[in-house]
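Chemist: Sharing a structure with you now.
Please treat every number below as a calculation from the coordinates, not as lab data. Bear in mind the structure is a predicted one, so any value in this text is a computation, not a measurement.
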């Protein structure tokens with residue numbers, strides 16, 4: 001699946017990341033512990049997407065302004081996580097920025113600083 005392969009490439013390019021299944025879906029972790037991206041292949045809905053943490057206010061803004069591309073995911077949406085659809089026209093540059101921001105939110109400061 002091309003969307004999964006592209007997302008995997010972005011996630012694994014970041015420092016000290018790994019991938020394993022979590023809740024039946026490919027999920028990426030920082031130092032094997034903290035989740036920063038979870039693939040969602042029709043996970044409880046008909047949407048191909050990924051879920052990730054977002055800075056305060058970002059989830060609400062994107063869901064409000066672009067509901068065809070972004071959504072509040074189940075289980076983690078109440079904590080500010082963002083659902084990003086991959087079954088629509090995807091701007092992979094934008095996806096890269098979203099993934100990097102999610103990484104920065106959960107990675108130790110020393111690792112996050114390596115992105116700059």
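Chemist: Mind checking the full-extension length gain between residue 8 and residue 116? Use 0.36 nm per residue of separation minus the Cα-Cα distance, one decimal, nm.
Modeler: Answer, rounded to one decimal: 36.8 nm.
Chemist: From the gyration tensor of the Cα coordinates in the chain, what semi-axes in whole Å does the equivalent ellipsoid have, largest first, with each one equal to sqrt(5λ)?
Modeler: 20, 16, 14
Chemist: Once the Cα atoms of helix 92-106 and of the chain are each reduced to a long axis, what angle between those two axes, in degrees from 0 to 90 to the nearest 10, is obtained?
Modeler: 60 degrees
Chemist: Output the 0 to 90 degree angle, nearest 10, between the alpha-carbon long axis of helix 2-12 and the longest principal axis computed from the alpha carbons of the chain.
Modeler: So the helix axis and the longest Cα principal axis differ by about 30 degrees.
Chemist: Separate question: Report the relative contact order of the chain, percent, no decimals, based on alpha-carbon pairs under 8 angstrom and at least 6 residues apart.
Modeler: Over the chain, the number comes to 23 percent.
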